[in-house]
Structures are given as C-alpha cells and as structure tokens.
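Encoded as structure tokens, the structure appears first; notes follow it.
Only the coordinates and a few stated rules stand behind these numbers; no lab work does. As the structure is a prediction and not an experimental result, all values here were calculated from the model. Positions of Cβ are generated from backbone atoms using ideal geometry, with glycine treated the same way; all protein chains shown enter the neighbour counts.
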Amino acid sequence: MRITRPTADEHAPYHLTYIDAAAAALTADGGDDIVALLAAQPAAFRALLQHAPPSAAGFAYAPGKWTLAESLVHVNDTERVFSYRLVRIARGDGTPLPGFEQDDWVPASRAGRRTLDDIVGELEAVRASTLALVRSLDEEALAQVGMASGQTVSARALVWMLAGHMAHHLVLTRERYLSR
C-alpha cells in the first residue's frame, strides 16, 4: 500500500521540516514510496559511516553541538518516540501524548561510551520494528488523528515524519560531521 503525503491539516506547521525532508529524499531517489524509503535509510547510514574512523564518534562540528554519536543516538530516541506515538494514534487512542525534550535526553544517553557500529546496529533494529508497525497499518489506521506535544497529528503524518527525521540526519551527518 502506498502511503500518500499528509495534508496540512494532519500535522503542525513545524512538522513540515521532516515531511519536506522525506519528500526531498524520495525525489533524490527517484521514487514515491515512503515505506521503501523507510526500509532503505538504515543501509544508507551504514554505508555513510562505514569508513568513519572511531574518533568521528566524538566529533562535534561546532561548539555546543552534539557529537556524531549523540546525534545518532538522538535519531534512535526520536524514532522510538515517533513510533510510540504512531502506534497509539493508529490504534485510536485519543489520550494526548506529551512532548519530549531532546536536549535533556542527550547527556543521559551516554552516547560517548558507544561505538558508531553499535549505535548504527541499534538504528537498524529500531527501524526494523518501525517498519513492521508501518507495514501492518491500513488506510483506516493511517487516517487516525491524535494529539502529541499539544498538536494534532495523523498516523500518516507520523510515518512521513519518521522518514523525514532520519533523512534530515543523514544530510547533517554527511554535510556537517563527515565532510571535514
């Protein structure tokens, strides 16, 4: 089943950052299948990082910015949060879901103690779980709408946000962490 791009009434305006990033990644790949993009992204991260030296994990591209390891653990954390929102909303749970403060989570992640290979392995496992969930959803589930971080969001929009968040971080990793 093809999951179409969400309409403006399915998400908050600031979610466009990720939805547009997903659309750009699809365009760059010459495709229009968001599920195929979700499936391909972990391998893209693995390929991007395969020749990175171990020291790259501790590199921050500017003062006050996260290290590469912290950025990648953030990708995993956000994937889990968005997937949790997706399952709750897709199942028709109308309970408003809280936001999360990503900057507070990073120090607690202890990313600096991990290798890039370990973090990417986690990314692959988390995405595999997300893909199983996404592939189980039908049109009715994708059309469900809920509240997260005080904003209306559909299950469809969350699927696109999942792909877009990772697409955004693939670009950041390539351009800011590995381009030196």
Fill in the blank from the handout: Pairs returned, first residue in segment 1-26 that is more than 17 Å from Ile89 (Cβ to Cβ), second residue that is assigned to a helix (DSSP H, G or I) and aromatic (Phe, Trp, Tyr), beta-carbon separation under 6 angstrom, 6 or more apart or interchain, are Ala22/Trp160
Exercise for the section: Being among the small types (Gly, Ala, Ser) and within 19 Å of Leu170 (Cβ to Cβ) is the filter; apply it to segment 99-128 and report the residue that is farthest from the chain's Cα centre (by Cα). Expected result: Ala111
Fill in the blank from the handout: Scanning segment 87-137 for residues that are of a type outside the set (Val, Ile, Thr), touching a helix residue (DSSP H, G or I) at 6+ places or on another chain (Cβ under 9 Å) and closer than 18 Å to Ala36 by Cβ gives Leu123, Glu124, Arg127, Ala128, Ser129, Leu131, Leu133, Arg135, Ser136, Leu137
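What helices (runs of 4 or more DSSP H) lie completely within segment 1-111 and have 3 or more residues being surrounded by 20 or more Cβ atoms within 10 Å (Cβ to Cβ)?
16-29, 34-49, 68-90
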Problem - Filtered residue count, segment 149-180, keeping only those that are outside any helix (DSSP H, G or I) and more than 25 Å from Ala56 (Cβ to Cβ) - result: 6
Fill in the blank from the handout: Counting only residues in segment 136-180 that are of a type in the set (Ser, Thr, Tyr) and surrounded by 17 or more Cβ atoms within 10 Å (Cβ to Cβ), the one farthest from Ala40 (Cα to Cα) is identified as Ser154
